[in-house]
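Data first, discussion second: the structure below is written as structure tokens.
The values are calculated or read from the model by the stated rules, or taken from the named source; none is laboratory data. Since the model is a prediction, treat every value here as computed from it, not as a measurement. When we count neighbours, we look across all protein chains shown, and the Cβ atoms used for this are built from the backbone with ideal geometry, even at glycine. Heavy atoms of the whole protein, side chains included, go into the accessibility calculation; ligands, DNA and RNA do not. Shrake-Rupley method; radii C 1.70, N 1.55, O 1.52, S 1.80 Å.
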Amino acid sequence: MELSWTSLLPSLLAIIFAIITRKVLLALIGGIILANVLLFWPAPESIAYGTLDSTWETLVDPGNMLVWFFTLGIGALFGVLEKGGTFKQFVLKLERKQWIESKRRARFMTWVLGVIVFIESNVTIMISGTTSRPIYDRLGISREKLAYIVDSTCAAICILIPLNAWGAFNLTLISKQGVEQPLMVFIQSIAFNFYAIFAVLLALFVALFDWNIGPMKTFEKNAVPDQVSKNTWGDGPDENVSFGKGTAVVLTSLISLVVMVPVMLLVTGDGVLVEGDGTLSVFIAIYIALGIASIGTLLTQPVNLKDILEYVLKGAWNILPLAVILWLSIALGGLTRDLGTGQFLASVLDGSVSLWMLLPLIFVLSAITGFSIGSSWGTFAIMLPLAIPLAMTLGLPPAPFIAAAISGGIFGDHASPISDTTIIASMASGVEHIDHVRTQLPYALLAGVGATLAYAVTGLLM
């Protein structure tokens with residue numbers, strides 16, 4: 001079809017509707033319907049058939065089937081670890097190993113925990129927040145400072161070390177845009193993920209030098225040492241209970257997940273890591289970890305096979321909305337390619353918008369979207385199908401454009417008051433949610449301004 005400004009409407013509808021309603025699923029569905037209206041107007045039967053066909057073909061595509069199952073598998077894994085009790089034992093075990101005796105070491109320990117646990121953002125928050133909280137109370141560090149550090153490392157680290165569902169999610173979105181060697185391009189984009197990099201480094205600086213800005217100054221000033229801090233889970237750990245077996249199950253399953261991804265990348269890539277099948281590798285790694293977690297929980301906890309099956313199903317159910325978001329976003333991405341959205345954007349921007357402005361614009365738009373809807377994955381799903389075709393049509397390297405879209409989504413996940421990770425960081429740290437948002441936002445905005453400038457410089461150098 002002829003290139004037209006109307007090709008922008010499905011994506012714009014998804015963005016605007018998601019911002020207004022904060023319902024990413026409905027926004028994506030609306031975008032899909034509008035795209036088929038533009039493709040087949042004025043034939044109502046063709047519009048209806050095209051809508052159903054585009055979504056169904058995306059759902060049953062053999063390559064996508066692995067994506068649906070590994071997404072559900074990651075939910076099932078953490079359902080078993082959490083509901084089976086081994087994760088709680090793991091946290092209690094860590095709490096009993098308190099050896100931190102200075103504020104700087106306490107803050108640095110929290111930052112390190114946030115960095116090394118990069119499997120899943122909420123797991124990072126729970127481990128970092130729940131293990132650090134008693135130490136912060138004992139030493140007189142504000143819980144708001146704790147919430148900021150754990151929140152600043154969770155999503156940022158998950159995208160900078162993408163051997164997890166985050167990486168596989170974005171790798172799938174990238175590959176569906178027709179990018180050659182999507183794994184290599186995704187790896188290249190990590191170096192341009194400026195907001196995530198700045199957020200992690202700024203959190204490290206705050207941890208080491210106790211730099212307080214904005215409302216954080218007041219909370220730090222009012223924090224007083226508590227020599228009798230309560231255990232995170234409510235009651236103190238029973239000294240007669242051994243937490244070794246539960247801890248071993250958690251560590252073994254998570255370590256296997258980390259190790260098996262690069263191993264399978266080597267296997268599927270015939271010895272070349274970047275040529276491996278990322279989706280298949282994550283799929284196999286997740287189900288090996290799920291098997292280890294299930295068997296280990298059966299052997300070490302007072303549960304039976306029926307309980308394990310219940311935990312698996314509940315965990316998969318909890319993550320099902322993410323799988324649906326991914327499904328609909330892939331369908332919308334295919335339709336925007338059919339409409340020539342990327343080509344039209346390139347034709348309009350060519351000569352009217354300086355190239356150096358493209359990356360900052362993508363980052364800012366993605367950041368506004370992420371902040372408004374409170375979902376980094378939803379932002380990735382909306383923005384990547386716009387950013388990648390634009391780069392490819394202009395003949396520019398896609399990695400910086402991918403990074404700008406992802407980086408904006410991370411900002412939204414970090415700073416938005418309606419983000420699940422922001423809410424969980426408040427809960428894990430034991431602070432009023434609005435206090436966490438107020439104390440964190442100045443740091444997030446500072447990193448965001450730095451990222452915007454970095455993208456402008458990158459655009460000038462392209």
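Assorted remarks:
- Set Lys245/Lys314; Lys103/Lys217; Lys103/Lys245; Lys23/Lys314; Lys245/Lys306; Lys23/Lys217 screened for pairs whose C-alpha atoms are more than 27 Å apart: Lys103/Lys245; Lys23/Lys217
- Mean projection area, nm², convex hull over Cα of the stretch 257-315: 4.5 nm²
- In degrees, nearest ten, helix 355-373 long axis to first principal axis of the chain (Cα): 60 degrees
- Pairs of alpha carbons in the stretch 1-83 whose separation is greater than 18 Å (percent): 60 percent
- Heavy-atom SASA rank of Lys221, Lys83, Lys245 (probe 1.4 Å, accessible area, largest first): Lys221, Lys245, Lys83
- One equal scatterer on each Cα of the stretch 313-462, no solvent, Debye formula: the resulting log10 I(q)/I(0) at q = 0.13, 0.14, 0.18, 0.19 Å⁻¹ is -0.65, -0.74, -1.05, -1.12.
- Distance between the modelled labels on Glu432 and Met65, one decimal in nanometres: 5.3 nm (7 Å Cα→Cβ projection).
- With both labels modelled 7 Å from their Cα along Cα-to-Cβ, the Arg105 to Ala43 distance reads 7.3 nm.
- Accessible area of Ile187 (1.4 Å probe, protein heavy atoms only, ligands and nucleic acids ignored): about 70 Å².
- Nearest-ten-degree value, helix 376-394 long axis tilted from longest Cα axis of the chain: 40 degrees
- Ranking Ile125, Ile319 from most to least accessible surface, computed with a 1.4 Å probe over the protein chains only, gives Ile319, Ile125.
- With Cα atoms, 0 to 90° folded angle of helix 278-300 axis to the chain main axis: 30 degrees
- Taken over the C-alpha atoms, the chain has Rg and Dmax values of 22.6, 74 angstrom.
- Area accessible to solvent at His414, 1.4 Å probe radius, in Å²: 10 Å²
- Long-range tail of P(r) for the stretch 38-82 (Cα pairs > 15 Å, %): 60 percent
- For the pair Leu355 and Leu320, the difference between a 0.36 nm per residue extended length and the Cα-Cα distance amounts to 8.7 nm.
- Label point distance in nm, Lys306-Leu461, each placed 7 Å from Cα along Cα→Cβ: 6.2 nm
- Cβ-Cβ distance of Gln181 and Asn222, R₀ of 45 Å, FRET efficiency by 1/(1 + (r/R0)^6): the value works out to about 0.25.
- Excluding exposed DSSP-loop GluC sites (Glu not before Pro) (at most 13 other C-beta within 10 Å), longest clean stretch of the chain: 240-431
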